[in-house]
Amino acid sequence: MFELRFDLLSTLPGPDELDLIRADILPRLYGRRWIATIRRDDDLGAWPCSDETGRRRLFTAVLTALKPDYVDLETGFAGGVVLEAARGNGASIVRSLHDATGVPEDLDGVLHRLADECEPGDVAKLAVAPRSATDVVRLVRAARGLPEGEPRRVILGMGEYGLLTRAAPWILRSEWSYSSAADGAGAAPGHFGPEELRNLFRVGTAGPGWRLFAVLGAPVAHSRSPAYHNARLAADGIEAVYLPVRADAFDEFEALARELPIHGASVTVPHKEAALAAARERADTAVRVGAANTLIRTGIDRGWRAYNTDVDGFLSALPERPLHRALVVGAGGAARAVVAALTGRKIDVTICNRTPARAARLAAEFGLRESSVLPLKGPFDDVKPDIVVQTTSVGMEPRVYVDPVPAYRFSGNEVVYDIIYTPEETRFLRRAARAGCTVIPGTRMFAAQAALQYRLFTGSL
């Protein structure tokens, strides 16, 4: 299906322009159904609310001359002439409500009022902006509270919290999802491209009965994990889909994971330590690291078993050369895996972090001396590391212009490893490469640890 946004026109089209649309644009839709939309600026569109008369005239002209399959009319629209033109020309109504401020308190009531405005064949559409994973839980429950059958519905969340509602519309029993244009032009926040929806998330094929996996993070939209895992699930013919889940607190993810339910999850910043604490069972590596990057349902009261594939993923990319001293930037969950890996190789580790007290706690947990902790500004003169490992999210898209430790000056002899993989070449790595260092991008660690995760996910099916 296609949606044509007539609210983007700067003037009302005359008969010649409508003929041009009919002759030149409609054939490009390949005979598929399409929706005519003239959305007001108050409803996240471009048509000025002050010109309601012009909007109704445009609606009538489009419906009469072009005969769309659907026309999107916001809830409460009382244009009798427009409704008469829509019904008379065979169009079904999409009764819509768009709210970019959040999720309505009376969500059940809103959905039922939308449904009450629909006639058989119409579609009730609700597009809201969840501000938390808890809001997504509310959407899931409200969607399931609607009766089966009529009216058809489209329920989706805008922005990063709503990504999974677009990638798996069947979770909310939606008739369809929305994507950006093929080239991404004019994409709304949280939109995927059509190829991603069709080929990556298998929209139109996936449905009830399929297993759900997820990547949990804050942020999460940058993650390449959905591309990796969904491609492998499809290639192996496994009826499962892997979704991006933004949650700012681990307990919010827990509630959403129970509601959907989610069978397994990759865990990224900032939830790795909380994931380990929440697990009923813990693999030895996760316990040693003090953080988990992988969760699998145990089947015991739907609890979790925690793993950490970061250690082996990190080690797999290290060069075959002697390494004696390391400088680790950061002290979060990812840094834990790196410190565990390096100390396991008997490498002397120094940790620098924005909050030295946190770095000191991490150093103490791994038996490092007090002098092995430094602030981000150094001094680094006495460290002389063979390898520098950057473990923070600083420099990750979209803040690619930020250097996590500008005070450090490369000698050119170091191996420099940045575990960020979006972008593949960070500002930190570029600076190291210019100094003559051997650089290792985070894509190598990502691929290795993701392969281990995939074995855990599919071994649990």
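Glu414 fulfils the conditions (1) of a type in the set (D, E, K, R); (2) within 30 Å of Ala357 (Cβ to Cβ); (3) surrounded by fewer than 22 Cβ atoms within 10 Å (Cβ to Cβ); (4) in contact (Cβ under 8 Å) with a residue 24 or more places away in the chain except for a single criterion, (3).
Screening Ala335, Ala360 for residues that are part of a helix (DSSP H, G or I), surrounded by fewer than 23 Cβ atoms within 10 Å (Cβ to Cβ) and not assigned by TED's automatic domain parsing to the domain that holds Thr285 leaves exactly one candidate, Ala360. Filtered by the rule that a residue be in a helix (DSSP H, G or I), hydrophobic (A, V, I, L, M, F, W, C) and more than 22 Å from Asp24 (Cβ to Cβ), segment 39-92 gives Cys49, Val81, Val82, Leu83, Ala85, Ala86.
Aliphatic (A, V, I, L, M), touching a residue at least 12 places away in the same chain (Cβ under 8 Å), within 21 Å of Leu276 (Cβ to Cβ) and not assigned by TED's automatic domain parsing to the domain that holds Ala218: is that true of Ala326 in this structure? Spelling it out, it is not the case that Ala326 is aliphatic (A, V, I, L, M), touching a residue at least 12 places away in the same chain (Cβ under 8 Å), within 21 Å of Leu276 (Cβ to Cβ) and not assigned by TED's automatic domain parsing to the domain that holds Ala218.
Kindly provide the set of residues from segment 114-154 that are farther than 22 Å from Asp248 by Cβ and among the β-branched types (Val, Ile, Thr), ordered by number. Of everything in segment 114-154, those that are farther than 22 Å from Asp248 by Cβ and among the β-branched types (Val, Ile, Thr) turn out to be Val123, Val154. Go through segment 254-280 residue by residue and tally those that are assigned to a helix (DSSP H, G or I) and either touching a helix residue (DSSP H, G or I) at 6+ places or on another chain (Cβ under 6 Å) or surrounded by fewer than 22 Cβ atoms within 10 Å (Cβ to Cβ) (or both). Adding up the residues that qualify gives 11.
Is it the case that segment 209-221 has a residue that's part of a loop (DSSP other than H, G, I, E, B) and at positive phi? Before the answer, list the steps.
Taking segment 209-221 and keeping what is part of a loop (DSSP other than H, G, I, E, B), we get 209-210, 218-221.
Then drop every residue that is not at positive phi, which leaves 209.
The answer is yes; a qualifying residue exists.
Any residue at all in segment 50-63 that is closer than 26 Å to Asp135 by Cβ and of a type in the set (D, E, K, R)? For segment 50-63, residues closer than 26 Å to Asp135 by Cβ and of a type in the set (D, E, K, R): absent. Against the test of being under 20 Å from Val136 (Cβ atoms) and either touching a residue at least 12 places away in the same chain (Cβ under 8 Å) or within 13 Å of the chain's Cα centre (by Cα) (or both), the options Glu254, Glu239, Glu195 yield a single qualifying residue, Glu254.
The values are calculated or read from the model by the stated rules, or taken from the named source; none is laboratory data. Here the structure is a predicted model, which means the values were calculated and not measured. All Cβ positions, glycine included, derive from the backbone under ideal geometry; neighbour counts span all protein chains shown.
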